[in-house]
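Values quoted throughout were computed directly from the atomic coordinates according to the rules given, and no laboratory measurement underlies them. As the structure is a computational prediction, the values presented were derived from the model and not from experiment. Please note: Cβ atoms are built from the backbone with ideal geometry, for glycine as well, and neighbour counts cover all protein chains shown.
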Amino acid sequence: MRVLHVHQIAHIPQLLVSRLKEKGVQADFVEVPDARTIAKHDIIHGHYALNRHTIAAFRLARKLKKPFILHCHGSDLRLLTGTGRKQLPFHYSVISQYIRKRSAAIILSTPDLEEFEPNGTYIPNPVDLERFRPMPEVKKSKRQLILGKQVKNSKLSKFIKPDVEYDCVNNGYPFNFPSNVRMLPCVEYDELNEFLNHYEFMIGTVGDVISMARLEAMACGLATFTDFEKKFTKYYDGQNPDEVKEPREFIKRFHSPEIPVSKLLRIYDDVMRA
């Protein structure tokens with residue numbers, strides 16, 4: 001079985017490919033697909049429905065009669081707003097629906113997406129536990145961290161305490177933060193593990209279910225908070241990520257790469273037999 005993953009998003013495809021190879025699958029990753037590469041593979045696994053390279057891979061797979069699996073990552077299915085999750089604008093919704101209806105399987109990266117695609121299968125995002133790990137040698141800051149793609153009109157400001165100093169990395173809505181919040185530039189992925197290890201507590205993207213930044217922070221041992229909705233605790237055996245005492249053990253139990261890889265292998269087998 002040869003599987004091709006298309007389009008980088010949060011370094012998830014590359015991690016899946018490396019772990020699939022460990023299981024004996026001939027897995028590859030490309031950002032920009034072409035007909036020759038598509039033709040060499042049995043299954044095309046595209047990430048994020050609204051990306052142009054994923055769309056190109058979908059078209060080539062259809063043309064070459066290769067099964068296409070769509071992996072949805074959030075904003076290709078719904079909008080995350082300060083007042084809840086909403087449908088995509090019409091144009092984006094049409095594109096997303098068109099691809100989903102013609103895919104051999106649909107994978108959902110977060111549990112809230114089931115509401116918007118009932119035919120999808122939720123597979124938890126993998127966390128690279130070798131890269132994201134506690135680093136005792138890194139000096140801890142007394143400041144707390146705010147990190148994530150923050151959403152307009154979210155409750156974030158409500159959770160910022162006036163007597164606490166914060167460092168903030170925000171690639172989302174530009175909040176007018178109080179003076180105790182110090183803005184920092186975005187952090188390169190290769191430096192993220194050490195950066196996270198400078199902190200003991202992090203506020204993630206408030207209103208999001210479970211972002212990769214939060215998962216990676218928890219793998220480093222940070223306590224995290226996003227005002228997690230209790231209705232989603234059923235996916236974690238009743239545990240609330242906002243309240244867990246052993247964050248890294250939580251990640252090992254629910255987001256170890258072996259979990260999504262085993263689920264993917266079953267989906268790949270089903271698609272090949274269809």
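See the values below:
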quantity: Partner lysines for Lys63 [C-alpha distance under 21 Å; skip if fewer than 8 residues away on the same chain]; calculated: Lys40, Lys101
quantity: Entries of Lys149/Lys230; Lys86/Lys245; Lys139/Lys263; Lys86/Lys234; Lys86/Lys158; Lys23/Lys86 with Cα pairs more than 30 Å apart; calculated: Lys86/Lys245; Lys139/Lys263; Lys23/Lys86
quantity: Once exposed loop trypsin sites (Lys or Arg not before Pro) are cut out (DSSP; at most 13 other Cβ, 10 Å), longest piece of the chain; calculated: 156-244
quantity: When each of Lys66/Lys231; Lys161/Lys231; Lys152/Lys231 is checked by Cα-Cα distance, pairs over 30 Å; calculated: Lys66/Lys231
quantity: Within a Gaussian network of the chain (alpha carbon springs, distance under 10 Å), most fluctuating of Asp34, Asp242, Asp190; calculated: Asp190
quantity: Shape call, the stretch 120-165: gyration tensor on alpha carbons, a/c limit 1.5; calculated: oblate
